[in-house]
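The values are calculated or read from the model by the stated rules, or taken from the named source; none is laboratory data. Predicted model, so just to flag it, every value in this text is computed and none were measured. With ideal geometry, Cβ positions are generated from the backbone for all residues, glycine too; neighbour counts draw on all protein chains shown. The accessibility values were calculated without ligands, DNA or RNA, using every heavy atom of the protein model including side chains. Shrake-Rupley method; radii C 1.70, N 1.55, O 1.52, S 1.80 Å.
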Amino acid sequence: MPENQVLVEIKDLHTYFFLAEGVVRAVDGVDLVIKRRQTLGVVGESGCGKSITSLSLLRLIPPPGRITQGEILYYKPSAGDNGSVDVINITALNPNGREIRDIRGNQISMVFQEPMTAMSPVRTVGQQIIEAIMLHQKVNKAEARKRAIEMLARVKMPKPERTIDDYPFQLSGGMRQRAVIAMALSCHPHLLIADEPTTALDVTTEAQILDLMRSLQNELGMAIMYITHNLGVVAEMAEEVAVMYLGKVVEQTDVKTIFLEPLHPYTQGLLSSIPRLDESIMRGEKRRRLQMIKGMVPDPYTRLKGCPFHPRCPKVIGDVCDQVEPASIWVRPGHMVRCHLYAEAVKSGPAPSH
Amino acid sequence: MLSYIIGRLLRMIPQVFLISILAFIIVQLPPGDYLTEHLNRLRQSGASIDQAEVERFTKMYGLDQPMHIQYLKWITNIVTRGSFGYSFEWQKPVNEVIVGRIGTTFVIAFLSFVVCWSLAIPIGIYVAVRQYSLADYFFTFLGFIGLATPGFLLALVIMYVAYTYFGIRVGGLFSPEFETQPWSWAKFVDLLSHLWLPVLILAIGGTANLIRTMRATMLDELRKQYVMVARAKGLSEFAVLLRYPVRIAINPILSTFGWLLVWFFSGGMVVEIVLNLNTAGPVLWRSLMRQDMYMAGAYIVIIGTLTALGSLISDILLAIVDPRIRFGSMEGL
Amino acid sequence: MPDLMPQSSPASSEPLLVVEGLTKYFPIRRGFFKRVVGQVKAVDHVDFYVQEGETLGLVGESGCGKTTTGRCILRAIEPTDGRILFRDPKLGRVDICKLDKEQIRLVRRNIRMIFQDPYASLNPRMTLLDIVGAPLRAMGLAHGKELEDRVAQMLQLVGLRPEYMRRYPHAFSGGQRQRIGLARALAPYPKFVVCDEPVSALDVSVQAQILNLLEDLQEQMGLTYLFVAHDLSVVAHISDRVAVMYVGKIVELASTAELFSSPKHPYTEALLSAIPLPDPRPREKRVLLTGEVANPANPPSGCYFHPRCSYAEEICKTHEPEFDEVTPGHYVKCHFGRELSLTGVVRMPDR
Amino acid sequence: MSGFLSIFKGKQQEPGAEVQAPSAQTKDERFYRAGQWQLVWWKFRRHRLANFAMIVLGILYFIAAFAEFVSPYDPLHRFKDFSAKPPSVIYIRDTEGRLRLPFVYGAIRARDPVTMRPVYKEDTTRIYPIKLFVRGDEYKFWGLFPSDLHLFGTGDPQMPLFILGSDHLGRDVLSRIFYGARISLTVGLIGVFLSFILGLVLGGLAGYFGGLVDEAVMRIIDVLVSLPAIPLWMALAAALPQDWPQLRTYFYVTIILSILGWTSLARVVRGKMLSLREEDYVMSAKLDGESEWQIIARYMLPGFTSYIIVSLTMAIPGMILGETALSFLGIGLHPPTISWGVMLQDAQNVQTIAQLPWLLTPVVFVITAVLMFNFLGDGLRDAADPYVT
């Protein structure tokens, strides 16, 4: 199977929330490509729309939210794994219908941020995993239980035969996240969406979970869409990185380039505002001040003219950035940036071929 | 679990004890004593008074002794012999008067409870899932009316409507022809045909209340992340609802089993009086009005104990359905 | 800008704050009679000192007792045992644990606290004037017009407009609220500030703003910080020295550069290697911990870390190690602190 | 609002003020400077049903306050010739089809030959216009100022206006309802006020001091709660001597009603105290050097006054119903005191209701008042904590 085959393609996705106070443009024109067996890191600060993008992918947007524009194409690998694919337009599916439910938890599954609330407290870990297995695989209960225990063992849950009958509140945060991952992977999905799965965890537990996810990815050959605000985690996990700001992807490229040669002023600002261990320690008498992005994310009801980042941008071009919204610019194949600074440099560069 | 139940039982004992003291104080509150009152009434009606009888009562209940001795005698009789004393109004032991009546009241309460649950739970779930829909507004409004209309006023209105527009005289437990007959199938059917009204009236208020609770807890649960996780598993919406939010939201409702019964029991009294049912309510009322002390005391103690027992059952039920309580975890409660 | 430097700042070598054997046990109560059935050893015989003008970072994972330690220093929580010696400008050298109510009020003028949650730490029902002015008014430091001027000055100092004084906290974002909390803490011109995770609730870009502000203010006002946090990158950035806590005990304390380049405690090594670095180049070696953090109500015997430690030997199971100064200024609570050669997160430049 | 949205709602609620952004100053300073009560009020104003309820309750309490003036007759005035008269029909068009100001026709009284009950026939030859500000029964307004001015009526003792009919004794039901509002609508207020004091003090003590005090108060509450309300009320009310003066009975009835009312409030207050004690801003106040009293008064109490107001509003209807039930059963207030419950005593059996159904009209008022309090409370609850979405 070719490595670079596209698994999911998000085109010009708009997901809006229609509230009494106004319209929140949570996702406002997102283009993303997730390739098979690859990890796409999606980074951004709170309110940038990264979680809503992932929920749109599974059609789990709660009302009053709605996908208003764009499409999400799922290139479903065929059963025989002979390289052929079925293309499913996820945006065209009924959000409660059979087709999308067959995809959820089976082809594409999801791990959420809060391991503490991801499972019902009144049902055992086993019940909640077995349920997912029996839903998508034609096995009886005993077999499903066997598979659930196998899966728990795979996520390195201590004493899986016993833990399977525990209630979630009897487990620690790290163990719960393992259980949730076991649940998500129980049907061997093609894509795992991980929405800040380690944010609520301690750093040593986080390292364990990240390690686990990487090894499971190798074992099961799945793609991961990893959503986080932590650039360190992105650096560890992702091959491709998309940086989001105010509902848009402002820059997307491979992980090395993002960290070593970021182009978008927002990405640059984000990177320089995190304290670097090496620089912190090697500083001399004078402390290195952190570079920071001025101001803050505007409230979600306002719609800015021009580039959404222009009020905070240190390199803002007057009469351009506050007037015209920058288009996606491919500075080279595999590196997209939405910024006027690069409009001159690359006159509408070649579109990527996947 | 067992230790939980035992601990909970132990806590109930002082509670019931305090209730009995309160009950005794309450029935003693009216000025004058009931025996004198009783004798006065007998005298007025010209009946002869058996002095020996009076003395026998005085002695038996320690009426010539201080209050706490009277209480002790009273409570000892209840605890050791299950005897609640003597009713001066009815001229027979309290136990004889109340047993059957409390039974009937209990049947009414239980039926109301069944009606209430079977209406409130599905409606509560439905309106929570369809929040801000027409049905939600309709049932919310209906719920408000149900809460604002106490049973006895509803009973009055229904009696009026039934009589004026349908020419039916509602009220009573039996039709006149069955009143004095021994039990038979026909009498039972007749009873049922009279019971539906008090049952319905009682159930309306409770249902309104339960729908509100069910809706609120459902809305709380629907917000939780595990619902989204369940959807992300690919479960159908119906299965998601039933296995996740409903499974938890129903816990507080299940636990109403204990107190709702008693609530109907005590709330039903005024309705029973209005509808002129020959049950516990009217008897308590009359005994209170006539200062028939042991009768009133018996009712208050019995209802108080039932309430305490009800909340005990509620707690145990809750511990059974909710593992967080069983395992002593406070998470998310 | 008025002169905010403390009037007397002799460069004395005596530490501003010395903590000795600080202990806080929380009783566990169970059952009907609320009997005490055990103790959560939140802070368990902790020793450290803080020099005037420096920042001591206190790191550890959730539940390790770092927040409790910070709170004990202000007696926001009553310590169970230990001594907290503070060099107060007015009272002189005092043991905070032994102060009476009046004295502790005086000391709290000089030791202040910044809270983690910018939403919960500001009374939503008071204006900025009342919030920032509260310590000044309650401590009798200013009133009336003077108080207003001082609040205006504090707001300006933390980068907020003085005109915001009549607003309520609901008008502000998380970052701005943290600035308000900072203004309140610094209003009485304290000497020592306990910063309890002041940036962990903030977004990266705002976090940088607050960290810079903290550093600027430290310089301007001659402040001393105890910086409690779980984010090691943040702690490394702001601290001169760092203490690492594990299950209620400090297991290692050293200068920032030394701790991050050559840790001497296996737990520190594991902690450092767990930090996700914003650097796409592959890492050399990674120490992954196994098992779970010990339960502070029922810790293991000997060294609390031994069940998870890959270097553990028999003695670790039976004997609790001493808190030893292995090299000058580098303290480690490990039997093999002098012998192990552990990997830091960065290499020190060649000297 | 869907739950998931609330995940980013926390940040979203932030008004977009920027650090030292010049536009922020002018944006909506009024909103930024709005304190708790201002925000509650703004939020409450958006709740239409609650606003409606507030207006209706305002009218009801206005009627209660000015009952002497608003009601057309003295509630004890017996119109002997007009006993058990059905409600008057008000016309605006006379027999010749001309439009007029509202009027009623005269009535001719007769007896039903079978039942021997009075029946009334309209006498269309006589027209009694309904006038405003008429002279009629004398009264002392609030017991102080003698007057005989009434808001409306026929002004003619020959043909009184019975908008809601008259009772067996020929008393105007509407006037009685207006006077009854005085007692029925205030019983709840006073009862709630008493339980408010008990609940606040006991709950506050329990919550603030915790430990043994807390334990004791909670056990008392346990016992009181296990006593079912209605039988307890009945028992206590039955203990009131029948021959007490009205005012005294009224006062005791309110006390009886509030005996159970305070427990739920005490629980709320205690819970709030306990949780507020753990709030960061309360700890920060302690570290700021605020005194205990200051902390309670400025930091903790304002944190739940809105909740108290809500639970008080929700408690009033229960008290109103309690009074109605007790008086209806004849163990609360008694005639000649007038309350809605007392009035309903006349409507206890089917025959009476069937013949004089208008005697049930107090039911409409009871339900309206209770419903409105519930609506009001609901709106207040939504607006109660402006800092939580």
| request: Could you work out the per residue convex hull volume over the alpha carbons of the protein assembly as shown, in cubic angstrom? | output: 248
| Distance violations [Cα-Cα > 18 Å] among C:Lys101/C:Lys249; A:Lys248/B:Lys224; C:Lys66/C:Lys249; A:Lys35/A:Lys76; C:Lys66/C:Lys191 | C:Lys101/C:Lys249; A:Lys248/B:Lys224; C:Lys66/C:Lys191
| request: Just tell me, in residue order, which DSSP H segments of chain B are both 27 angstrom or longer along the helix axis (alpha-carbon based) and at least -1.0 in mean Kyte-Doolittle hydropathy. | output: B:2-28, B:94-129, B:185-222, B:293-321
| Can you give the average number of partner chain beta-carbon atoms within 10 Å of each beta-carbon in peptide D:346-357, as a whole number? | 4
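If you place +1 on the Cβ of every Lys and Arg, -1 on the Cβ of every Asp and Glu, and leave all else neutral, what size is the dipole of chain A about its Cα centre, to the nearest 20 Debye? Don't skip to the end; give the middle numbers.
Values: 41 positive and 39 negative charges, 71 e Å.
Roughly 340 debye for chain A.
Compute for chains D and C the buried accessible surface, both sides summed, probe 1.4 Å, and express it in Å² to the nearest 100.
Details: alone 21650 and 17320 Å², together 35390 Å².
For D against C, buried area totals roughly 3600 Å².
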| query | Say the dipole of chain B comes from +1 at the beta carbon of Lys and Arg and -1 at that of Asp and Glu; which of B:Asn40, B:Ser311, B:Leu154 then lies farthest toward its positive end? | reply | B:Ser311
| field | Using alpha-carbon coordinates, inclination of helix C:204-221 to the longest axis of chain C, degrees | value | 70
| Under 22 Å from the Cα of A:Lys146 - lysines, other chains or at least 8 residues apart | A:Lys138, A:Lys156, A:Lys159, B:Lys233
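Ranking request for peptides B:68-75, C:329-336: highest mean number of other beta-carbon atoms within 10 Å first, then the rest in descending order.
Details: B:68-75: 16.2, C:329-336: 21.1.
Packing proxy ranking, top to bottom: C:329-336, B:68-75.
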| What's the carbon and sulfur percent of region A:28-157's accessible surface, probe 1.4 angstrom, rounded to a whole number? | 48
| Taking square-rooted eigenvalues a ≥ b ≥ c of the alpha carbon gyration tensor, is chain B rounded, prolate or oblate, where a/c under 1.5 means rounded and, failing that, a/b exceeding b/c means prolate? | oblate
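Please report, to one decimal in angstroms, the Kirkwood hydrodynamic radius of region D:79-171 built from all distinct Cα-Cα pairs.
Values: mean 1/r = 0.0688 Å⁻¹.
Hydrodynamic radius (Kirkwood, Cα pairs) of region D:79-171 is 14.5 Å.
Could the peptides C:207-213, A:242-248, C:36-42 be put in order, highest first, of the mean number of other beta-carbon atoms found within 10 Å of their residues?
On the way: C:207-213: 22.7, A:242-248: 25.0, C:36-42: 16.1.
Those peptides, ordered most packed to least, come out A:242-248, C:207-213, C:36-42.
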| Chains D and B: buried accessible surface, both sides, probe 1.4 Å, rounded to 100 Å²? | 3900
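Let me know the shape class of region D:131-193, please: from the alpha-carbon gyration tensor, a ≥ b ≥ c as square roots of the eigenvalues, rounded when a/c is under 1.5, otherwise prolate if a/b is greater than b/c, or oblate. Could you put the intermediate results ahead of the total?
Details: a/c = 2.67, a/b = 1.51, b/c = 1.76.
Since a/c reaches 1.5 but b/c is at least a/b, the shape of region D:131-193 is classed as oblate.
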| said: Quick check: the distance between the Cα centres of region C:123-139 and region D:250-311, to the nearest angstrom? | reply: 21
| Segments D:96-108, A:167-179, D:76-88 sorted - mean Cβ within 10 Å per residue, highest first | A:167-179, D:76-88, D:96-108
| field | Three principal axis lengths of region B:97-292 [C-alpha, angstrom, descending] | value | 65, 37, 36
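At a temperature of 20 °C and a viscosity of 1.002 mPa s, determine how fast chain C diffuses translationally according to Stokes-Einstein, using the Kirkwood radius over alpha-carbon pairs as Rh; express D in µm²/s, rounded to the nearest whole number. Spell out each step's value before the answer.
Details: Rh = 21.5 Å.
Stokes-Einstein gives a translational diffusion coefficient of 100 µm²/s.
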| note | For chain B, the accessible surface attributable to carbon and sulfur atoms (probe 1.4 angstrom, ligands and nucleic acids excluded) amounts in percent to 67
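Considering every residue in C:97-106, what mean count of other chain Cβ atoms within 10 Å of its Cβ is obtained? Provide the component values of the computation, followed by the final result.
Values: counts 0, 0, 0, 0, 0, 0, 0, 2, 6, 1.
The mean count of partner-chain Cβ atoms within 10 Å per residue comes to 1.
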| For the protein assembly as shown, what proportion of DSSP beta bridges, expressed in % and rounded to the nearest 5, is antiparallel? | 70
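Taking 25 Å as R0, compute the FRET efficiency from the Cβ-Cβ separation of C:Arg35 and D:Ser291 and round it to 0.05. All intermediate terms of the calculation are to be shown ahead of the outcome.
Numbers: r = 34 Å, r/R0 = 1.37.
Approximately 0.15, to the nearest 0.05.
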| Alpha carbon centroid spacing (whole Å) that separates region B:179-205 from region D:135-156 | 51
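Using Cα-Cα distances under 8 Å and only pairs 6 or more residues apart, what relative contact order does region B:97-292 have, in percent? Don't jump to the answer; show the numbers that get you there.
On the way: 191 pairs, mean separation 71.9, N = 196.
Relative CO of region B:97-292 lands at 37 percent.
Mean projection of the alpha-carbon convex hull of region C:115-189 over all orientations, in nm²?
Numbers: hull surface 17.4 nm².
Average of the hull's projected areas for region C:115-189 equals 4.3 nm².
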| message | Per residue, how large is the accessible surface of region D:242-361? Use a 1.4 angstrom probe and give square angstrom. | response | 35
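Let me spell out the model: positive unit charges on the Cβ of Lys and Arg, negative unit charges on the Cβ of Asp and Glu, origin at the Cα centre of region A:108-188. What dipole size does that give, in debye rounded to 20?
Details: 12 positive and 7 negative charges, 41 e Å.
My answer is approximately 200 debye.
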| task | Note down the net charge around B:Tyr4, summing +1 for each Lys or Arg and -1 for each Asp or Glu among other residues with Cβ under 14 Å from its Cβ. | result | +3
| note | Which of C:Ala236, C:Ala120, C:Ala201 fluctuates most in a GNM of chain C (C-alpha springs under 10 Å)? That residue is C:Ala120
| How big is the gap, in Å, between the Cα center of region B:286-313 and the Cα center of region C:66-122? | 56
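On the accessible surface of region D:79-171, probed at 1.4 Å, how many percent belong to carbon and sulfur atoms?
Values: 3490 of 5790 Å².
Reported share for carbon and sulfur atoms: 60 percent.
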| query | Per residue of A:102-115, what is the mean number of Cβ atoms on other protein chains within 10 angstrom of that residue's Cβ? | reply | 3
| Taking Cα atoms, how many degrees apart are the long axis of helix A:173-185 and the longest axis of chain A, rounded to 10 and kept between 0 and 90? | 80
| From the square roots a ≥ b ≥ c of the eigenvalues of the alpha-carbon gyration tensor of region D:189-338, which class results: rounded (a/c under 1.5), prolate (a/b over b/c), or oblate? | prolate
| query | Under a point spin-label approximation (7 Å from Cα along Cα-to-Cβ), what is the B:Asn40-D:Asp123 distance to one decimal in nm? | reply | 5.0
| remark: Relative contact order in percent for chain C (Cα pairs under 8 Å, 6+ apart) equals 19
| message | Pairs of alpha-carbon atoms within less than 8 angstrom and 6+ residues apart define the contacts here; what relative contact order does chain D have, in percent? | response | 20
| query | What does the charge add up to near D:Thr249, with Lys and Arg as +1, Asp and Glu as -1, over the other residues with Cβ less than 12 Å from its Cβ? | reply | -1
